Structures are given as structure tokens and as C-alpha cells.
1. Take every Cα pair under 8 Å in region 7-203 that's 6+ residues apart, average their separations, divide by the length, and report that relative contact order as a whole percent.
2. Computed on alpha carbon atoms, what radius of gyration and Dmax characterise region 31-76, expressed in Å?
3. Report for the chain the percent antiparallel among DSSP-assigned beta bridges with both residues inside it, nearest 5.
4. Sort C180, C156 so that the residue with the fewest other Cβ atoms within 10 Å of its own Cβ comes first and the one with the most comes last.
5. Just check region 72-184 against the gyration tensor rule for me: Cα atoms, a ≥ b ≥ c as the square roots of the eigenvalues, rounded for a/c under 1.5, and otherwise prolate or oblate depending on whether a/b exceeds b/c.
6. Scan region 48-99 for GluC sites (Glu not before Pro) in coil per DSSP, keeping those whose Cβ has at most 10 other Cβ atoms within 10 Å, and list them by number.
7. Quick check: net charge around A123, other residues with Cβ under 13 Å of its Cβ, Lys/Arg +1 and Asp/Glu -1?
8. Arrange V201, V63 by Cβ neighbour counts within 10 Å, fewest through most, would you?
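What follows draws every value from the coordinates through simple rules; no lab data is involved. Source: prediction; values computed, not measured. Neighbour counts run over all protein chains shown; Cβ positions are idealised from the backbone, glycine included.
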Amino acid sequence: MTLPGRTVGLVGGTGPFGRGFALRAAAAGWAVVIGSRDPARGAAAAAALERPAVRGAGNAEAVRAADLVVVAVPWEAHAAVLREVAPLLDGRLVLDVTVPFAPDAPGGLAPAAARAFAEETQAAAPTARVVAGFHTVAASTLGRTERPLDQDVLLCGDDAGARRTVAELVEAFGGRPVECGPLAAARALEGFGALVTALAVRRRRAVGVRLTNLAPRPAAPPSPPAS
């Protein structure tokens with residue numbers, strides 16, 4: 001499945017996750033802009049991927065070009081980068097994939113903040129349509145585009161249309177989207193992502209998630225006949 005004619009802008013996309021997401025999105029027919037605080041670094045990361053649909057730029061240009069903005073920065077840099085791009089995010093569809101993984105912390109989970117990182121993104125850009133997701137998907141798994149994603153991708157967000165768009169992208173990647181409710185669930189998803197990352201580090205291999213026995217969503221009841 002492909003979704004051509006759209007553009008992903010990766011804020012802080014020069015790391016392993018951003019590069020893997022760029023490869024997977026390009027394979028699904030999207031144009032990709034890899035953003036960085038240093039535009040030259042964004043350009044270098046894009047050139048290394050050798051995909052015609054992928055180019056590099058500064059973070060601001062990546063946001064302006066995007067139909068979907070992906071916040072892909074390490075958790076330690078989230079606040080600083082968010083201050084840089086927040087004025088550009090209002091009204092946009094934003095996917096925040098931040099995982100608070102701290103290898104030296106108990107269980108690999110960074111000290112808890114008052115809000116999830118995705119909630120911080122929403123607070124900084126109140127009219128943005130923020131979705132949190134992809135926390136349990138390894139960068140190396142994303143980058144192996146010759147294989148379907150073949151795992152569940154947990155998503156949450158307050159805007160149903162935004163969740164639907166990201167779910168379509170997950171399906172284009174070959175995964176199964178699992179909607180987990182409003183953005184308030186992001187803190188749980190981010191923490192689960194840190195746990196999965198810690199498991200992957202300990203086992204020295206990519207780890208993903210598949211949920212079992214998920215019943216199909218019940219169909220909406222028929223509308224009553226007109227009187």
C-alpha cells in the first residue's frame with residue numbers, strides 16, 4: 001500500500017529513527033524532508049540515504065514543507081527543539097514519537113515529568129493535531145524496507161481524523177495500527193516504549209509488539225428509521 005503525493009517533515013530526523021522512518025515513508029510513496037537544527041547536517045543525512053524522494057533541510061523548512069510533521073528528537077532535546085518549531089506547528093498534523101529511554105535509569109525509563117512529551121507538544125501548539133505513536137518500533141526495523149513492518153503500532157490522540165491519517169501511514173508501512181484513545185494515554189505509551197527499548201538493548205536485537213485477541217471494533221448501530 002502506498003500513499004503518494006504527501007510529504008513527511010522529520011524534526012530532528014538525522015538520528016537512527018528519523019533515517020529509518022524516512023526510508024519507510026519514501027518506500028510508501030511519500031516525499032520526505034529530514035530536518036535538523038543544522039541544515040547541512042540534515043542535507044548530509046538525506047544524501048546518505050540515496051533516495052530521490054528524500055532531501056534535507058533545517059527544522060523550520062521541514063515543518064513548512066510537511067503534510068505530516070514527525071517530532072523525532074531524543075527526549076533530552078525535546079524541550080529545546082520544541083521551542084524552536086512550536087510557532088510553526090499550529091494547525092498542522094504532528095506525530096510525536098519521543099521515547100523517554102534512559103539506559104542508566106531503573107527499567108530504562110527517564111524520570112517522570114508532569115506531562116507526556118506528546119502532551120508538551122500539544123500544549124506548545126494548541127491548534128496542532130497531535131498524535132503520539134511508534135514508540136515500540138525500532139529504527140532498524142523501519143529501515144528494512146524490503147520487509148513489511150508486521151507489528152502493531154500503538155497510537156493515541158484527541159483528533160480522530162489525525163489518528164486516522166497516521167493509521168493509514170502505519171498500514172502503508174505494513175503494520176497494524178492500534179488506536180489507544182485520547183492523547184492522555186501518551187504517557188503510558190511513551191513509558192511502554194522505553195521498556196521495549198530497554199528489552200531490545202539487553203537482548204541486542206530489535207524488539208517489536210504484537211497484541212493478541214484484539215476483537216474487531218463493533219459496527220455502529222443502524223440509524224433509526226425516519227418518522
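1. Here the relative contact order equals 20 percent.
2. Final numbers for Rg and Dmax: 10.0, 31 Å.
3. Details: 4 of 29 bridges.
Percentage antiparallel, nearest 5: 15.
4. Values: C180 17, C156 23.
The most exposed by this proxy come first: C180, C156.
5. Values: a/c = 1.72, a/b = 1.14, b/c = 1.52.
Oblate is the answer for region 72-184, as a/c is 1.5 or above yet b/c matches or exceeds a/b.
6. Numbers: sites: E50, E61, E76, E84; in loops: E50.
Taking region 48-99 and a limit of 10 other Cβ atoms within 10 Å, the loop GluC sites (Glu not before Pro) found are E50.
7. Numbers: positive: R83, R115; negative: D90, D96, E119, E120, D158.
Neighbourhood net charge equals -3.
8. Values: V201 13, V63 24.
Sorted ascending by nearby Cβ count, the order is V201, V63.
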